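Enquirer: Quick one: the structure is below, questions incoming.
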Amino acid sequence: MMNNKFYDIVIVGGGSAGLSAAKKAFEEGITSILIIERNNELGGILNQCIHNGFGLHKFKKELTGPEYAYEYIKFVKDHKIEYLLNTLVLSIDKNNKTIVCSSSENGVTSINYKTLIFSAGCNERTSGQIMTPGERPNGVYTAGLAQKLLNIDGYLVGKNVYILGSGDIGLIMARRMKLEGANVIGVSELMPYSNGLNRNIVQCLNDYNIPLRLHNTVIKIHGKNQLEGITICDVDDSLKPIKGREEFIKCDTLLLSIGLYPFNSMLKNSGAKVNNETKGAWVDQNLETSLDSVFSCGNVLHVHDLVDYVSDEGEIAGKNAASLVKNGRKKYSKIILTFHNENLSYLLPNEIKVYDDLNEVNFSFRVKKPISKGEILFKDGNNIIKKVIKNDLIPSEMVRIKLNDIDYKVVNDLKVEVNEL
């Protein structure tokens with residue numbers, strides 16, 4: 001094994017979170033930075049997202065995915081921030097602050113870090129994970145894989161397409177396949193509401209007259225070698241198929257947009273505490289995990305709806321990693337956050353480290369069901385210390401609240417709840 005040099009900050013993952021973390025850390029005065037990316041170019045999933053709609057929050061202009069990534073890649077290259085491509089991280093040694101990685105060019109390499117930012121992204125759920133009955137014929141793809149095959153490799157995966165799940169990438173692929181001449185028969189969504197952004201429902205389905213069936217799912221896949229069709233069925237309030245409501249759909253392609261989950265196994269295997277709701281790491285307001293000097297951000301922490309928010313989170317990790325490098329560990333007390341989960345599916349951060357100069361905390365969460373008007377309460381025990389009213393809360397859109405008017409030093413038990421008004 002070849003030993004490489006030491007870096008102040010090592011970033012695992014060169015997508016939007018990792019790139020923005022590198023940029024922010026450099027702006028904070030850290031020049032000893034290494035980005036490790038397993039693909040053959042920086043940018044991550046953005047490289048295959050050739051549609052526009054990115055950057056409206058971050059850059060105040062509408063960009064395609066590659067254009068958005070280039071805003072950061074250019075900074076990395078112009079400022080000569082080091083990066084390794086085609087390199088896979090194999091393990092993290094939390095005790096010696098070392099990672100082991102492998103590439104065809106450098107072989108197996110050991111790299112030491114002072115701080116580590118983990119921004120490895122997320123994975124797509126497959127038909128096997130939801131145990132769809134039937135064979136496993138050709139023609140069943142995750143929506144992201146189909147997107148890569150079409151936009152990067154120029155391969156149209158099918159001509160008569162059905163989509164299971166109304167996540168954003170599935171909605172975007174409905175439009176994309178339609179534009180390439182495929183017959184997009186429809187979309188089934190298990191829940192009584194869409195899991196995609198409203199703008200994607202309008203622009204990708206409604207504008208192309210593609211029907212969306214809510215409370216409906218695929219109950220069987222037909223075909224042994226090649227997909228011949230699917231059986232869809234309405235479901236009841238318990239999400240169980242309703243007998244007599246089955247319908248056979250003839251198709252040669254089924255795209256799955258049934259959710260994403262953080263690619264967090266490496267941190268978990270390294271001993272990092274895991275958030276049971278998100279399946280990402282347990283983090284404080286600085287995005288530091290339970291592992292000393294290891295930060296997590298982006299979709300590997302929790303799945304985002306907008307890449308602009310991924311970049312915001314990368315900046316928080318980059319800034320705080322840089323601060324730890326420059327200033328060392330400051331003294332703090334700790335608050336563990338809890339939430340009333342009748343309406344909330346998760347809440348970040350999981351804990352707050354209260355420093356003498358702490359004056360701002362960014363909270364992120366999702367609701368379990370659509371709420372037309374919600375009351376968000378921040379409570380110390382039973383005492384309400386902050387109330388925020390928000391309209392049109394939906395599960396597909398992450399809610400972000402920045403609070404800088406709470407004296408966290410006098411808070412003992414911070415609890416968050418959302419109530420319908």
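The values are calculated or read from the model by the stated rules, or taken from the named source; none is laboratory data. Since the structure is predicted, the reported quantities are computational estimates derived from the model, not experimental observations. Here the Cβ is made from the backbone with ideal geometry for all residues, glycine too, and neighbour counts use every protein chain on show.
Enquirer: I want to confirm something. Restricting to segment 70-123 and keeping residues that are surrounded by fewer than 18 Cβ atoms within 10 Å (Cβ to Cβ) and hydrophobic (A, V, I, L, M, F, W, C), which single residue is farthest from L301 (Cα to Cα)?
Expert: V108
Enquirer: Could you tell me which of the residues I401, I336 is of a type in the set (V, I, T), closer than 28 Å to A69 by Cα and either at pLDDT below 95 or surrounded by fewer than 20 Cβ atoms within 10 Å (Cβ to Cβ) (or both)?
Expert: I401
The rows are residues; the columns are (1) surrounded by fewer than 19 Cβ atoms within 10 Å (Cβ to Cβ); (2) modelled with pLDDT under 95.
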| position | (1), (2) |
| --- | --- |
| N225 | yes, yes |
| P241 | yes, no |
| E315 | no, no |
| L324 | no, no |
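Enquirer: Further question on the same structure: Can you tell which of D380, D392 is among the acidic types (D, E), surrounded by fewer than 14 Cβ atoms within 10 Å (Cβ to Cβ) and at pLDDT below 95?
Expert: D392
Enquirer: So, one more: Being buried (at least 19 other Cβ atoms within 10 Å of the Cβ) and of a type outside the set (V, I, T) is the filter; apply it to segment 152-170 and report the residue that is modelled with the lowest pLDDT.
Expert: G167
Enquirer: From the list V307, V325, which one is touching a residue at least 40 places away in the same chain (Cβ under 8 Å), closer than 24 Å to Y72 by Cα and in contact with an Asp or Glu (Cβ under 6 Å, 6 or more places away or on another chain)?
Expert: Just one listed residue meets the conditions, V325.
Enquirer: Which residue pairs have Cβ atoms under 9 Å apart, sit 6 or more places apart or on different chains, and have a first residue in segment 49-72 that is among the aromatic types (F, W, Y) and a second that is loosely packed, with under 14 Cβ neighbours inside 10 Å?
Expert: Partner pairs satisfying both residue conditions: F54/E62.
Enquirer: If N286 satisfies every condition in (1) surrounded by fewer than 18 Cβ atoms within 10 Å (Cβ to Cβ); (2) outside the structural domain of E189 (by TED's automatic domain parsing) but one, which is the exception?
Expert: That leaves (1) as the condition not met.
Enquirer: Filter segment 342-375 down to the residues that are more than 19 Å from L197 (Cα to Cα), over 23 Å from the mean Cα position of the chain (by Cα) and assigned to a strand (DSSP E or B) and list them by number.
Expert: If the condition is that a residue be more than 19 Å from L197 (Cα to Cα), over 23 Å from the mean Cα position of the chain (by Cα) and assigned to a strand (DSSP E or B), then K353, V354, E375 are the ones that fit.
Enquirer: Do we find that R136 is surrounded by fewer than 24 Cβ atoms within 10 Å (Cβ to Cβ), closer than 27 Å to E397 by Cα, among the charged types (D, E, K, R) and in the same structural domain as T231 (by TED's automatic domain parsing) in this structure?
Expert: No: the conditions fail for R136.
Enquirer: If you don't mind, another one. One residue is enough: does segment 392-406 have a residue meeting the conditions part of a strand (DSSP E or B), of a type outside the set (G, A, S), without any contact (Cβ under 8 Å) to a residue 24 or more places away in the chain and at negative phi?
Expert: No - not one qualifying residue is present in segment 392-406.
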